[in-house]
Amino acid sequence: MNVRTLRGTNDILPAEIKKWQFIEEVARKTFRLYGYEELRTPIIEETALFTRTIGETTDIVEKQMYTFQDQAKRKISLRPEATASVARAYLEHAFDKKRKFAKFYYIGPMFRSERPQKGRMRQFHQIGVEAIGSYDPCLDAEIMSLAINLLKKIGIAQPNLAINTLGCRKDKKKIAKELRENLKAQFSELCKSCQQRFSRNVFRVLDCKNENCRKITHKLPSLHQSLCPACSEHFKEVKKALDILDVKYSVDDYLVRGLDYYTKTAFEITHKALGSQDALGAGGRYDNLVSDMDGEETGAIGFALGVERLIIALSDHESKETTDSSIDLYIATKEEKAHEESFKMADLLRREGIATEIDYLNRSLKSQMRAADKNGVKFVAISGEPENNREKIILKDMGTGQQEEIDKNDFVKEMKRKLQDYEAHA
Ligand code: AMP
């Protein structure tokens, strides 16, 4: 049987998983500092959840969802994103009644049937947050600051934050009408996709990467001219709050978000290491989503970062956290009879919190040492040596190459001390 992974999906191998775990750990810690709690929603949802909220004329709903019928003929989709699921959970579990304001974070796989390329997968992973229940512009700034701080903590230097406002739903309608009027004369010069977008979802014309379309759209009057006073003021307040937090940003008048539910603040974080798919993450307000799902009018904002792209941006950055072996100690044995002893000792050491490995391939001492070195273990204990003093264990520090003899009875205590020293000096 020659079965391989599906196109656009990946096995994440142990050699790479450290970076994933490191990113997830830093994210969890950082989110906790800002008061976010983890929410795990199902990977499958009723298709209607996405079609009704993301929008019928968006790329995700039109082309990218993995949708199937289950045995009971229900229409089900693999989640292409998590915001709609989080809003569903907020209402389903009555957070609107219990708390009003709730902050959630999620980490997990999303599915979109796109043409795979560097940084674009069919199963990809997002780390995201949603703060539901407030219209406060300081929350917009806080969430952007959180995203930037998280990237810095992960070790991704110089991310670019671009912000814009799309206005409220009323403004969006007005802006869409104006966009169509302003683009009408150049309709035939737009690319084929934009000609379709023109009537179906004109905002997406602003998102087009085609050179010609860009030339046309960048001559359009700023969308900001059409904002209502409240949305103008909100955007002003967001910028002021970003300045208070000392978050660097640029305003991009043409930045839009592809999904229907976005209103007011929209933002995108890019990084130069990424190439053509340069967005590390994106987010924005969605003040109508909860009411569209039959809840009350509820202000909300969130963002999602793409983990695969974080890994790409991080690939030059090798840190202790992403490269260190998880094994503290390898017990190598010279003779077969020492094997049973090391087998028992490994169990004792693990109980004491020391990550230990032994040989299961009946290898020579030399090749055990080679394997330990290759795996990047911190220390190797040689059991069964020295021959004339079986009460001693030889311990080799693989970093410095230094060897010493340690009394068997003191070994666990000594190992703990050495590992503490190792951590302190790392
Ligand atoms: P979006 O929900 O489309 O705004 O996506 C938010 C972030 O998720 C993007 O900025 C990317 O980092 C990541 N992302 C979205 N789609 C993909 C994909 N197909 N493959 C990998 N990452 C993706």
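The values are calculated or read from the model by the stated rules, or taken from the named source; none is laboratory data. What you see is a predicted model, and the numbers here were worked out from it, not measured in a lab. Positions of Cβ are backbone-derived with ideal geometry, glycine not excepted, and every protein chain shown enters the neighbour counts.
Structural remarks
- Residues in the range 47-98 that are under 22 Å from residue 207 (Cβ atoms) and aromatic (Phe, Trp, Tyr): 50 alone.
- Residues being closer than 30 Å to residue 197 by Cα and not basic (Lys, Arg) - total across the range 50-105: 29
- Verdict on residue 264 being crowded, with 16+ Cβ neighbours inside 10 Å and either under 28 Å from residue 157 (Cβ atoms) or touching a Ser or Thr at 6+ places or on another chain (Cβ under 9 Å) (or both): yes
- Among the residues making up the range 293-310, those that are more than 7 Å from the ligand (Cβ to nearest atom) and either out of contact with any Asp or Glu (no Cβ under 9 Å at 6 or more places or on another chain) or over 26 Å from residue 173 (Cα atoms) (or both) are 293, 294, 307, 310.
- Just one of the listed residues (183, 259) is over 33 Å from the mean Cα position of the chain (by Cα) and either basic (Lys, Arg) or closer than 30 Å to residue 62 by Cα (or both), namely 183.
- Annotation: of all residues in the range 1-24 being surrounded by 12 or more Cβ atoms within 10 Å (Cβ to Cβ) and acidic (Asp, Glu), the one that is nearest to residue 291 (Cα to Cα) is 24.
- Tabulated pairs, the range 158-179, first β-branched (Val, Ile, Thr), second part of a loop (DSSP other than H, G, I, E, B) and surrounded by 21 or more Cβ atoms within 10 Å (Cβ to Cβ), C-beta under 7 angstrom, 6+ apart or interchain: 165/227; 175/167
- Set side by side, the residues 217, 265 differ, and just one is within 26 Å of residue 149 (Cα to Cα) and of a type in the set (S, T, N, Q), which is 265.
- Count of residues meeting criterion [more than 27 Å from residue 286 (Cβ to Cβ), touching a residue at least 24 places away in the same chain (Cβ under 8 Å) and loosely packed, with under 14 Cβ neighbours inside 10 Å] in the range 180-202: 1
- Scan of the range 267-294 for residues that are assigned to a strand (DSSP E or B) and surrounded by fewer than 20 Cβ atoms within 10 Å (Cβ to Cβ), ordered by number: 270, 279
- Which listed residue, of 231, 213, is more than 26 Å from residue 285 (Cα to Cα), under 32 Å from the mean Cα position of the chain (by Cα) and surrounded by 19 or more Cβ atoms within 10 Å (Cβ to Cβ): 213
- Looking across the range 247-292, the residues that are of a type in the set (Asp, Glu), within 16 Å of the ligand (Cβ to nearest atom) and either at pLDDT 95 or above or over 26 Å from residue 221 (Cβ atoms) (or both) come down to 268, 278.
- Qualifying residue in the range 156-168 (condition: at pLDDT below 95, surrounded by fewer than 19 Cβ atoms within 10 Å (Cβ to Cβ) and more than 14 Å from the ligand (Cβ to nearest atom)): yes
- Taking residues in the range 43-63 that are of a type in the set (Lys, Arg), and partners anywhere that are buried (at least 17 other Cβ atoms within 10 Å of the Cβ) and outside any loop (DSSP other than H, G, I, E, B), the pairs with Cβ atoms closer than 9 Å and at least 6 places apart or on different chains are 52/84.
- Unmet criterion (only one of (1) modelled with pLDDT of 90 or more; (2) exposed (fewer than 14 other Cβ atoms within 10 Å of the Cβ); (3) aliphatic (A, V, I, L, M)) for residue 424: (1)
- Residue within the range 373-382 that is aromatic (Phe, Trp, Tyr) and within 35 Å of the chain's Cα centre (by Cα) present: yes
- All positions within the range 36-59 that are buried (at least 21 other Cβ atoms within 10 Å of the Cβ) and under 18 Å from residue 292 (Cβ atoms): 50, 53, 54, 58
- Some residue of the range 133-142 being at pLDDT below 95, of a type in the set (Gly, Ala, Ser) and buried (at least 17 other Cβ atoms within 10 Å of the Cβ): no
- Qualifying position, being more than 29 Å from residue 297 (Cα to Cα) and hydrophobic (A, V, I, L, M, F, W, C), among 82, 27, 48, 89: 27
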